[in-house]
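Visitor: Would you mind keeping the following structure in view while I ask a few things?
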Amino acid sequence: MAGLALAAFCIQLGANEIQKGEYLARAADCVGCHTSNPSRPFAGGYRVPTPFGDVYSTNITPDQETGVGRYSEDEFVRAVREGIRRDGTDLYPAMPYDSFARMSREDVLAIRTYLLAQTPIIQPRPQNTLPFPFNQRWALELWKLANYRPGRFTPDRSRTQAWNRGAYLIDVLGHCGACHTPRNVRFGEDNDRKLAGGAAGIWRAFNITGDKTAGIGGWSDDELFRFLKTGTAAGKAFASGPMAETVMNSLQHLSDDDLRAIVAYLRDVPPQPGDEQQPRFSWSGTIMVSVAEPSNMTQGSTNTAGDLYGSLCSGCHGLDGRGSSGSSYASLTRNSTLGAAIPENVVMTILTGVKAGDVAGRKSMAAFADWLDDGQVASLANYVTDRFGNPNLSVTAADVHQMRAGSTTEQTVILLAAQALVIIGAGLSLGLLLLLAARLRLVPRLSYFTSAHRDTP
C-alpha cells in the first residue's frame with residue numbers, strides 16, 4: 001500500500017510539474033515562435049524576420065534527432081539562459097536568452113518537463129537566410145560580448161509582491177523588451193529607453209511606458225488589463241500583428257492576478273517621450289464614406305480609395321469607422337494603430353489581416369496582400385488614416401512594396417550600419433590579436449639579445 005501511495009504521489013508530482021511548465025511556457029510564449037504550423041506545435045520552422053535577415057526557430061519537441069529529446073537538464077538550462085546549443089554553438093538572439101538569462105533554474109526545468117511531455121515531431125529547422133557577416137557564428141560572440149549580461153532575477157524587497165511578479169513577467173518570462181525596447185548602437189536593448197517602443201519585424205511595438213502622450217499614461221488600469229486579456233480596449237487600441245498573436249498564444253491564458261501584476265509594474269516604468277504630438281488613441285475622425293457595390297469590386301480593380309473602403313472595409317468597420325458596439329470588429333477611430341506617428345502597422349494590418357484565434361469577443365480580419373496591389377494598399381492606408389486617424393501620415397506604393405518584401409528603408413540602413421560595425425569590430429579584434437602574437441614572438445628575441453649583451457665582455 002505504501003508503494004502504491006508513493007507511486008500515486010510521484011505521478012501527481014509529475015503532473016503538477018507539467019502543469020506548471022505549461023503555464024510558464026504560455027507566459028514565455030514559446031509556442032508563438034516555435035510553431036510554424038498549428039498542427040505541429042513546438043516543431044519550429046517559424047520565420048523570425050530581423051533587420052539582418054530571416055532566422056528560423058528550432059524544434060523544441062522531444063524528438064531525439066531534430067528536437068530537444070537528447071538535451072540533459074544542464075544543456076537545456078544553458079540553451080535557454082545562455083543561448084548555447086547542445087553542440088556548443090551559439091543561438092541567434094532571435095531567441096531572447098538575454099531576457100531568459102534571469103529565469104530561475106526551477107522555472108526553466110519546469111518548461112523542459114512540459115515540453116518533454118509533448119508529442120515528438122520530426123522536423124528539421126530550415127536554413128537561416130542571413131548575409132555576411134551575420135551568417136558567421138563568430139559574429140554572435142561579438143554580440144554577446146557587447147550585450148549579454150548573465151545573472152538571476154532578484155526581487156526588490158522594497159517593492160510589493162505584485163510589482164516583483166510583474167517585473168519577472170515583463171522583463172524575464174515575457175521578454176517584452178525584445179519588441180518594445182529600442183535597440184542601441186550595439187544592437188542590444190537600450191535600457192536607458194526601456195519599453196519606449198521598438199520593432200517586431202516590420203511591425204512597430206508601441207511605447208508602453210507611463211508617458212501620457214507617447215505611452216500608456218492615458219490608459220486606466222482596467223483598460224490595460226482588458227487589453228492584455230482580450231487584445232481590445234475600447235477607445236484605445238485593438239491588437240494586431242505580433243501583439244494579437246501574443247494575446248492569443250500567451251496573455252489571455254495568464255491568471256488575472258498575473259495580468260494585474262503586469263499592470264502594476266508597467267505603471268512604475270519611467271515615462272519616455274516619443275514622436276507623437278498627441279496620444280495615439282485621441283484621433284476621432286468620423287467622416288462618412290460612400291459605398292461601392294461589392295459586386296463591382298474585382299481583384300486589381302482601379303476603384304478609388306473610397307470605393308475600396310466602402311466595399312472591403314465598411315461592412316465590419318462601419319461607414320463612420322466606429323466598428324461594432326461589442327468590440328468584435330475594431331473601431332478605426334480612437335485607435336492606436338491609425339493614430340500612430342508611423343504607418344507600418346496600418347499597412348501591415350491591411351496586408352496580413354488580424355488573427356483573433358480563440359480570444360473571446362474578437363473577430364479575425366481578412367488579409368488583402370493577394371487581393372490589392374501596392375498602389376491600392378497605399379491609397380487605402382492613406383484614406384483610413386486621413387479620415388479616422390492621424391492625417392499627417394502618408395505612405396507610397398514604393399513604401400508598401402518594401403514592406404511587402406519584408407523590409408523598410410530604416411531597416412536597410414540598420415543592416416548596412418551593422419555590417420560595417422561588425423566587420424570593423426572583427427578587423428580591430430584581428431589586428432589586436434596579430435599585434436599580441438607579434439609581441440609574444442618578440443619578447444623571447446629581446447630577452448635573448450639582452451642576455452647576450454650582458455654576457456659580452
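The values are calculated or read from the model by the stated rules, or taken from the named source; none is laboratory data. Predicted model only: the values in this text are computed from it and were never measured. So basically every Cβ, Gly included, is an ideal-geometry build from the backbone, and we count neighbours across all protein chains shown.
Visitor: Just checking, which of ALA110, ALA7 is touching a Gly at 6+ places or on another chain (Cβ under 6 Å) and either at pLDDT below 95 or not in a strand (DSSP E or B) (or both)?
Guide: Numbers: ALA7 fails: touching a Gly at 6+ places or on another chain (Cβ under 6 Å).
Unique residue meeting the criteria: ALA110.
Visitor: Looking only at the stretch 36-58, decide whether some residue is of a type in the set (D, E, K, R), surrounded by 16 or more Cβ atoms within 10 Å (Cβ to Cβ) and touching a helix residue (DSSP H, G or I) at 6+ places or on another chain (Cβ under 9 Å).
Guide: No, because not a single residue in the stretch 36-58 is of a type in the set (D, E, K, R), surrounded by 16 or more Cβ atoms within 10 Å (Cβ to Cβ) and touching a helix residue (DSSP H, G or I) at 6+ places or on another chain (Cβ under 9 Å).
Visitor: Kindly check whether there is at least one residue in the stretch 60-71 that is surrounded by 14 or more Cβ atoms within 10 Å (Cβ to Cβ), among the aliphatic types (A, V, I, L, M) and within 22 Å of the chain's Cα centre (by Cα). Steps first, please.
Guide: In the first step, residues of the stretch 60-71 are kept if they are surrounded by 14 or more Cβ atoms within 10 Å (Cβ to Cβ); the result is 60-63, 66-69, 71.
Those still in the list that are among the aliphatic types (A, V, I, L, M) too: 60, 68.
Right, trim to within 22 Å of the chain's Cα centre (by Cα) and you get 60.
Yes: the stretch 60-71 contains one or more residues that are surrounded by 14 or more Cβ atoms within 10 Å (Cβ to Cβ), among the aliphatic types (A, V, I, L, M) and within 22 Å of the chain's Cα centre (by Cα).
Visitor: Scan the stretch 21-38 and tell me whether some residue there is assigned to a strand (DSSP E or B), assigned by TED's automatic domain parsing to the domain that holds TYR92, modelled with pLDDT of 95 or more and closer than 19 Å to ALA79 by Cβ.
Guide: Looking only at the stretch 21-38, we keep the residues that are assigned to a strand (DSSP E or B), and these are 35.
Checking which are assigned by TED's automatic domain parsing to the domain that holds TYR92 leaves us with 35.
With modelled with pLDDT of 95 or more added as a condition, the list becomes 35.
Of the ones still in play, those that are also closer than 19 Å to ALA79 by Cβ are 35.
For the stretch 21-38, residues assigned to a strand (DSSP E or B), assigned by TED's automatic domain parsing to the domain that holds TYR92, modelled with pLDDT of 95 or more and closer than 19 Å to ALA79 by Cβ: present.
Visitor: If you don't mind, another one. Within the stretch 331-352, track down each residue that is within 20 Å of GLY315 (Cβ to Cβ) and either touching a Lys or Arg at 6+ places or on another chain (Cβ under 8 Å) or assigned to a loop (DSSP other than H, G, I, E, B) (or both).
Guide: If we filter the stretch 331-352 for residues that are within 20 Å of GLY315 (Cβ to Cβ), which is where we start, we get 331-333, 335, 337-338, 346, 349-352.
Across the stretch 331-352, the qualifying residues are SER331, LEU332, THR333, ASN335, THR337, LEU338, LEU351.
Visitor: Of the conditions (1) surrounded by fewer than 17 Cβ atoms within 10 Å (Cβ to Cβ); (2) in the same structural domain as PRO62 (by TED's automatic domain parsing), LEU116 clears all except one; give me its number.
Guide: The number of the failed condition is (1).
Visitor: Same structure again: Tell me, which residue of the stretch 119-163 that is buried (at least 18 other Cβ atoms within 10 Å of the Cβ) and aromatic (Phe, Trp, Tyr) is modelled with the lowest pLDDT?
Guide: PHE134
Visitor: Also: From ALA25, ALA79, which residue is crowded, with 20+ Cβ neighbours inside 10 Å, without any contact (Cβ under 8 Å) to a residue 24 or more places away in the chain and under 25 Å from ASP171 (Cβ atoms)?
Guide: Values: ALA25 fails: without any contact (Cβ under 8 Å) to a residue 24 or more places away in the chain.
When all the criteria are applied, what remains is ALA79.
Visitor: Checking the condition modelled with pLDDT of 65 or more and farther than 20 Å from VAL354 by Cβ, which residue from THR304, THR333, THR298 passes? Walk me through it before giving the result.
Guide: Numbers: THR333 fails: farther than 20 Å from VAL354 by Cβ; THR298 fails: modelled with pLDDT of 65 or more.
Testing whether each residue is modelled with pLDDT of 65 or more and farther than 20 Å from VAL354 by Cβ leaves just THR304.
Visitor: Given the options GLY151, GLY166, name the one that is under 18 Å from ALA27 (Cβ atoms) and not hydrophobic (A, V, I, L, M, F, W, C).
Guide: Criteria check complete, one pass: GLY166.
Visitor: Restricting the search to the stretch 166-197, which residues are of a type outside the set (D, E, K, R), modelled with pLDDT of 95 or more and outside any helix (DSSP H, G or I)? Step through it out loud before you land on a result.
Guide: Going through the stretch 166-197, the residues of a type outside the set (D, E, K, R) turn out to be 166-170, 172-182, 184-185, 187-188, 191, 195-197.
Next cut, modelled with pLDDT of 95 or more only: 166-170, 172-182, 195-197.
Correct list: GLY174, HIS175, CYS176, THR181, PRO182, LEU195, ALA196, GLY197.
Visitor: Kindly indicate which of GLY326, GLY357 is part of a loop (DSSP other than H, G, I, E, B), touching a Gly at 6+ places or on another chain (Cβ under 9 Å) and either at pLDDT below 95 or on the phi > 0 side of the Ramachandran plot (or both). Quick ask: steps written out before the conclusion?
Guide: On the way: GLY357 fails: touching a Gly at 6+ places or on another chain (Cβ under 9 Å).
Going through GLY326, GLY357 in turn, the sole match is GLY326.
Visitor: Something else now. Within the stretch 360-379, track down each residue that is buried (at least 24 other Cβ atoms within 10 Å of the Cβ) and part of a loop (DSSP other than H, G, I, E, B).
Guide: ARG362
Visitor: Same structure again: Would you please name the residue that is nearest to THR50 (Cα to Cα), looking only at residues in the stretch 200-237 that are in contact (Cβ under 8 Å) with a residue 60 or more places away in the chain and outside any loop (DSSP other than H, G, I, E, B)?
Guide: Once the filter is applied, the top-ranked residue is TRP203.
Visitor: Now for a different question. For GLY166, only one of the following conditions fails: (1) within 27 Å of SER36 (Cβ to Cβ); (2) crowded, with 21+ Cβ neighbours inside 10 Å. What is its number?
Guide: (1)
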